[in-house]
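Here the structure comes first, spelled out in structure tokens, and everything after it is commentary.
The values are calculated or read from the model by the stated rules, or taken from the named source; none is laboratory data. Owing to the predicted nature of the structure, the values given are computational and were not obtained by experimental measurement. Glycine also receives a Cβ, built like all others from the backbone with ideal geometry; neighbour counts cover every protein chain displayed.
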Amino acid sequence: MEPAIEVNRKNRKIPVAPEMADRCFTCGTCGGGCPATGLVPGWDARKAIRAIVFGLEQEVIDSKWPWVCTLCGRCQYQCPMGIQLMKTFRACRTARDRDKVPGPIHKGTMMNLERGNNLGIPRDDFLFLLADLGVEMENDEEQPTPGFYVPVDKEGANVIVTINSKEPFGEPDDMKFWWRIFYAAKEDWTVSSVNWEGVNWGLFSGDDESMKKQVARVIENARRLKCKTILYPE
Ligand code: SF4
Ligand code: SF4
């Protein structure tokens, strides 16, 4: 494959530089298989790439397009010219001022850095919930699991499980689906009592520094507890 050529926008402060985007020949393959096509009037993957090639990246950054794109990567995989669409649309998110990031993902990212999870669940509440749910599952009338408990901070476990904070916050029983699999498989697993969040909103908000900090925390937990495998919820 030929070396990547970046669109020349040296005099622009916006860090959107799609590799080989200037080779787009408007085939439309990207938009044709994209789950976000049709969600934002006037935009699709092909139009967004073409806009950037023509120097209209600020219009893309200011639009809803980069935020309805799910970053699934299908377009990038299918593009016959090898254009890095997903990377480009995420860069558009990065270029958005933080106070203009839509939805809760920027606030959740900041909350995660401050308290170790996106929704700010206090450590004691989290540990109480895990213990309570463990007892509930052990004594479940229809499917009891004798001897079950949630192993917290278990050193040397095979798997360290990260958690989507929406589950302890609003859908706690959903955690039991995983736990039942671990129980049936006799898996050796654990949950960290700190920085246990498994959903990295720094990734989705385009905030690279926060994303790296959150990844580093998960790895630090795995190293501290000497676990071999990290499990992410999604
Ligand atoms: S698939 Fe690639 S070449 Fe085709 S329109 Fe999309 S970006 Fe352009
Ligand atoms: S990465 Fe975004 S633009 Fe590409 S196919 Fe997925 S949703 Fe569509």
Quiz prompt | Any chance Arg46 is under 27 Å from Lys166 (Cα atoms) and either within 9 Å of ligand 2 (Cβ to nearest atom) or without any contact (Cβ under 8 Å) to a residue 24 or more places away in the chain (or both) | solution = no
Self-check item: Selected residue (criterion: farthest from Lys213 (Cα to Cα)) from residues of segment 117-129 that are in contact (Cβ under 8 Å) with a residue 12 or more places away in the chain and surrounded by 15 or more Cβ atoms within 10 Å (Cβ to Cβ)
Solution: Leu129
Exercise. Filter the helices (runs of 4 or more DSSP H) completely within segment 45-126 down to those with at least 2 residues that are under 19 Å from Cys27 (Cα atoms).
Key: 45-53, 74-78, 85-95
Quiz prompt | Options Asp132, Asp207, Asp188, Asp174: the member that is acidic (Asp, Glu), in contact (Cβ under 8 Å) with a residue 12 or more places away in the chain and surrounded by fewer than 20 Cβ atoms within 10 Å (Cβ to Cβ) | solution = Asp188
Quiz prompt | Which numbered condition Glu142 fails, given (1) more than 22 Å from Ala222 (Cβ to Cβ); (2) charged (D, E, K, R); (3) not in a loop (DSSP other than H, G, I, E, B) | solution = (3)
Exercise. Being in contact (Cβ under 8 Å) with a residue 60 or more places away in the chain and of a type outside the set (D, E, K, R) is the filter here, so list the residues in segment 135-160 that pass it.
Key: Gly156, Ala157, Asn158, Val159, Ile160
Quiz item: With respect to Asn139, is the statement that it is farther than 30 Å from Asp22 by Cα and in contact with an Asp or Glu (Cβ under 7 Å, 6 or more places away or on another chain) true?
Solution: no
Quiz prompt | Selection count where residues are surrounded by 24 or more Cβ atoms within 10 Å (Cβ to Cβ) and out of contact with any Phe, Trp or Tyr (no Cβ under 8 Å at 6 or more places or on another chain), scope segment 46-59 | solution = 3
Exercise. Answer yes or no as to whether Gln78 is surrounded by 14 or more Cβ atoms within 10 Å (Cβ to Cβ), near ligand 2 (Cβ under 10 Å from one of its atoms) and modelled with pLDDT under 95.
Key: yes
Quiz prompt | Close pairs from segment 67-80: first in contact (Cβ under 8 Å) with a residue 12 or more places away in the chain, partner near ligand 2 (Cβ under 6 Å from one of its atoms) and in a loop (DSSP other than H, G, I, E, B), Cβ under 7 Å, at least 6 apart | solution = Val68/Ala36; Cys69/Ala36; Thr70/Pro35; Thr70/Ala36; Cys72/Pro35; Arg74/Cys34; Cys75/Cys34
Quiz item: How many of the residues making up segment 49-75 are within 19 Å of Phe204 (Cβ to Cβ) and more than 13 Å from ligand 2 (Cβ to nearest atom)?
Solution: 2
Quiz item: Here is a list of conditions, (1) under 23 Å from the mean Cα position of the chain (by Cα); (2) touching a residue at least 40 places away in the same chain (Cβ under 8 Å), and Thr29 meets all of them except one; can you say which number that is?
Solution: (1)
Quiz item: Within the group Val218, Val199, which residue is of a type in the set (Val, Ile, Thr), within 15 Å of the chain's Cα centre (by Cα) and outside any helix (DSSP H, G or I)?
Solution: Val199
